[in-house]
Amino acid sequence: MARRRGKGSSRPRGRDIYEGLPSDATYKQTAHKRALRNSIRAWVVRLLVVAAIAFAWHLWGDDVRSMMRVQAHETTEEFEEGADQIKEGRDRRAGVGWVEGE
């Protein structure tokens, strides 16, 4: 059985029979309005979130920056202390500063 070339269906594709009905037109209008309303609502929520973040940064931005600086300074000091302890242990095991008569 050989297949025909072309589209898989034998009936021609045309406009949908129900496309021009008044109920479909009203459904399209209400669906469009709903999509537009949801889109606007999403943008309003995004703008409110950005405004809230900007307001919080205006109120507490300096405090947050100073806390971040202090935390970074403390972390740097802890890292340097750990590095110094590693170097001291390495030097001790290697015999650096060992005097034979002691």
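Per-residue Karplus couplings for region 50-64, computed as 6.51 cos²θ - 1.76 cosθ + 1.60 with θ equal to phi - 60°, are listed in order as 4, 5, 5, 5, 5, 5, 5, 5, 5, 6, 10, x, 5, 5, 5 Hz, Gly and Pro entered as x.
Here is the result for region 33-88: no trypsin sites (Lys or Arg not before Pro) lie in DSSP coil with at most 16 other C-beta atoms within 10 angstrom of their C-beta. Backbone geometry of region 32-41 corresponds, through the Karplus equation with coefficients 6.51, -1.76 and 1.60 at θ = phi - 60°, to 3J(HN,Hα) couplings of 5, 4, 5, 5, 5, 5, 5, 5, 4, 4 Hz, x marking Gly and Pro. Modelled label positions at LYS87 and VAL64, each set 7 Å beyond Cα in the direction of Cβ, lie 3.7 nm from each other. The slack in the chain from ALA52 to GLU80, taken as 0.36 nm per residue of separation less the alpha-carbon distance, amounts to 6.2 nm.
Since every read-out is calculated from the coordinates, none of them should be taken as a lab result. Remember, it's a predicted structure, so these values are computed and weren't measured experimentally. When we count neighbours, we look across all protein chains shown, and the Cβ atoms used for this are built from the backbone with ideal geometry, even at glycine.
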